[in-house]
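The next block holds one structure in the form of structure tokens; read it before the comments.
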Amino acid sequence: MRTESLPIVDCAGDARRRGHAHGEALRSVILAKVERWREAIGEAYGVPASLFLPRFLEATDFRGAIMAHAPDLADEVVGIGEGAGLPEETAYALQLMDEEWWWGRSNAAHCSSLAVAPADGRPTLVAQTMDLPRWHDGAQALLKIEDTGQKSLVFTSAGMIGLMGVSGRGLGICVNTLSQLAVNPRGLPVAFVMRGALAQGTVASAAEFLGRVPHASGQNYQLGDRSEARTFECSAGGIVPVSFSNGCSLHTNHPLVSRDGRDTTARMEGSEDFPRPAAKPANGYRHRARRGRRKGKSCGTADWRHRLDNAAKCGTDRSDDDRLGGLFVRRSHRAFRLCRSTEP
């Protein structure tokens, strides 16, 4: 979808009205997306959505954490379902993107993010790629949310309460998945964590919120406001701050500081008899490896993994492809320029 085609939806009033406005305005988009989603579930997990989704929801219990830490967002989800004409359980399951991935043991995470702290007249910057499965394409939308006088802009995939956003008080939040970290089937899902943190208004308050809630999924959160930027790796075991280097924090889909790992080979309760998802090739790495070999370089897959690791750690690798004042991290055949270097 091109930016000029991005639908913008006004969502004002109490939580249920906001959700209803979202669902009603994007009804046809949401219904078409749900059909693609259900087909994708069958392809990804080897079982139909009619079997997968009930088992997923029965084996997990995120609602307790949602009601304890973001009850208004639970009402917003109900409103989305009403506006779009979706069953309440379907509207709820649609919010659990990261949680579906780890429960079903999918390998769908490909986002990268950055945060740049303000300095010498340079404003704070937070940014990310949003590399979702292709069936989300065409469902991109921007929500203009107004709640008790507080405004925010939330980028989303139609039917979801949000993926990333910026508030009228100047707080911005971007995220990327850390599937290697520990999960909690009774924690607060990522979409609710993001929106709950965004409502706090400042980096300090958002950081306190991140430290207070139980996290359902491993996730990296980039926070920025007018005065500071901070990065946190979050998981079932808590949150760990990530240090900035040269005033910036760069992050891909592997933890840099958290050691709260999970057994990625273990089956989640309720999914034991599902087929194992087929392994997907690391297309971005192998694409670069093939490209390097065509140029006569010694550049295998492992070499590109090492370069991406260095990029995420704000390293100093300066290969031919890493010049011109930045590191280029290619994911899914697309380049994401990470602002690290200040060299001329």
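The values are calculated or read from the model by the stated rules, or taken from the named source; none is laboratory data. In this text, all values refer to a predicted model and were calculated from it rather than measured experimentally. Here Cβ is always computed from backbone atoms with ideal geometry, including for glycine, and neighbour counts include all displayed protein chains.
One table, with the values for the structure above:
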{"item": "Residue within the stretch 129-148 that is surrounded by fewer than 20 Cβ atoms within 10 Å (Cβ to Cβ), farther than 24 Å from HIS22 by Cα and among the hydroxyl-bearing types (Ser, Thr, Tyr) present", "result": "no"}
{"item": "Selection count where residues are in contact (Cβ under 8 Å) with a residue 24 or more places away in the chain and part of a strand (DSSP E or B), scope the stretch 213-240", "result": "16"}
{"item": "Within the stretch 52-153, helices (runs of 4 or more DSSP H) holding 3 or more residues that are under 21 Å from the mean Cα position of the chain (by Cα) and of a type in the set (A, V, I, L, M, F, W, C)", "result": "71-84, 88-94, 97-104"}
{"item": "Some residue of the stretch 175-185 being closer than 23 Å to VAL78 by Cα and either hydroxyl-bearing (Ser, Thr, Tyr) or modelled with pLDDT of 95 or more (or both)", "result": "yes"}
{"item": "Residue, farthest from MET67 (Cα to Cα), within the stretch 201-230, restricted to residues that are hydroxyl-bearing (Ser, Thr, Tyr) and under 14 Å from the mean Cα position of the chain (by Cα)", "result": "TYR221"}
{"item": "Top-ranked residue of the stretch 1-15 - restricted to ones that are within 18 Å of PRO71 (Cβ to Cβ) and outside any helix (DSSP H, G or I), ranked as nearest to the chain's Cα centre (by Cα)", "result": "CYS11"}
{"item": "Selection count, the stretch 167-179, where residues are among the aliphatic types (A, V, I, L, M) and more than 15 Å from SER205 (Cβ to Cβ)", "result": "2"}
{"item": "Residue within the stretch 177-191 that is in a helix (DSSP H, G or I) and crowded, with 22+ Cβ neighbours inside 10 Å present", "result": "yes"}
{"item": "Verdict on ALA289 being closer than 30 Å to GLU58 by Cβ, out of contact with any strand residue (DSSP E or B) (no Cβ under 6 Å at 6 or more places or on another chain) and modelled with pLDDT under 95", "result": "no"}
{"item": "Criterion: modelled with pLDDT under 95 and in the same structural domain as GLU35 (by TED's automatic domain parsing) - qualifying residue of GLY138, GLY149", "result": "GLY149"}
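Condition check ((1) of a type in the set (D, E, K, R); (2) buried (at least 20 other Cβ atoms within 10 Å of the Cβ); (3) not in a loop (DSSP other than H, G, I, E, B)) across all residues:
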| position | (1), (2), (3) |
| --- | --- |
| ARG17 | yes, no, yes |
| HIS22 | no, yes, yes |
| SER28 | no, no, yes |
| ALA32 | no, no, yes |
| TRP37 | no, yes, yes |
| ILE41 | no, yes, yes |
